[in-house]
1. Quote the FRET efficiency, to the nearest 0.05, computed for Arg104 versus Val49 with a Förster distance R0 of 45 Å and r equal to the Cβ-Cβ distance.
2. When the accessible area of the chain is computed with all protein chains present and a 1.4 Å probe, what percentage of it is carbon and sulfur?
3. Keeping every protein chain present and rolling a 1.4 Å probe, give me the accessible area per residue for the chain in Å².
4. Considering the values (1) 19.8; (2) 17.8; (3) 18.7, which represents Kirkwood radius over Cα pairs in Å as calculated for the structure under consideration?
5. If the only charges are +1 at each Lys and Arg Cβ and -1 at each Asp and Glu Cβ, what is the size of the charge dipole of the stretch 26-94 around the Cα centre, to the nearest 20 debye?
6. Using the Kyte-Doolittle scale, which helices in the chain average at least 1.0 and also have C-alpha atoms spread 18 Å or more along the helix axis, with helices defined as whole DSSP H runs?
7. About the Cα centre of the chain, how large is the charge dipole given +1 on each Lys and Arg Cβ and -1 on each Asp and Glu Cβ? Please answer in debye to the nearest 20.
8. Between Glu126 and Thr41, what length in nm is gained on full extension when 0.36 nm per residue of separation is reduced by their alpha carbon distance?
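The values are calculated or read from the model by the stated rules, or taken from the named source; none is laboratory data. Being a predicted model, the structure only gives us computed values, none of them experimental. In this analysis, Cβ positions are derived from the backbone assuming ideal geometry, glycine residues included, and neighbour counts consider all displayed protein chains. Heads up: the accessible areas ignore ligands, DNA and RNA and are worked out on the full protein's heavy atoms, side chains in. Shrake-Rupley method; radii C 1.70, N 1.55, O 1.52, S 1.80 Å.
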Amino acid sequence: MSTHDTTTEPAEPTEPAERIAPASPERLIYFSDAVVAIAITLLALELPVPGAEAHGDSGVQHFLREHLAEYFAFLVSFAAIAMQWMLHQRVFRYVSGLSGGAIRWNLLWLLLIVVTPFTTKLLTSEADAFRIQFIVYAAGQALTSLSFRLTVADLRRSGLLRPDAPHEVIAETLAWVDATIVTFAVSIPVALVTHWASLCWALLPPAQKILRRVT
């Protein structure tokens, strides 16, 4: 009589699902760089350009003066996106792997980056709703930095920052992130009482220095 071998091989241990990275750090970095580049391009495409209604040099000059607010908003948003990208690359050069949480927060960060051209256009539109326009823009900037802050927090919690990551670099980067959150968030209630709330954004450098000292 034949016998059947009923023994089964022990299952191989598996990693927790949260630690299985669906993408390498390099792929996420390249993808993030591409999305940031697209966002900056969209931002530039929204710049007003003189048309047939602008006659001669004086007409063009008048058109440009009329749209100074849009050009200034473009520079502010370009600087904001560029700073976000610089902070992102300063941290991700020391990332050894990816957690599911870090990927999700990074995707939210990219979503808010891509929305920046829209919030910039809304901020400078002719709609007579300054408070809403300003709050949407400032909240978008604060949330962008917050989502990146949460990305870094998840990477640190998961032990995915390389041991050779300089503490000074990471601390200084996070101070900039926190300062951005604070300055844009503080400007929101200020916008409820004055149209000069954007001056709060000029406090970003001193806010970063203060936060760096206390952290």
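1. 0.70
2. Of all accessible area on the chain, carbon and sulfur atoms account for 66 percent.
3. 60
4. Of the listed options (1) 19.8; (2) 17.8; (3) 18.7, (1) comes from this structure.
5. Around 440 debye, computed over the stretch 26-94.
6. 25-45, 68-92, 100-123, 167-191
7. 680
8. Contour length minus the Cα-Cα distance gives 28.3 nm.
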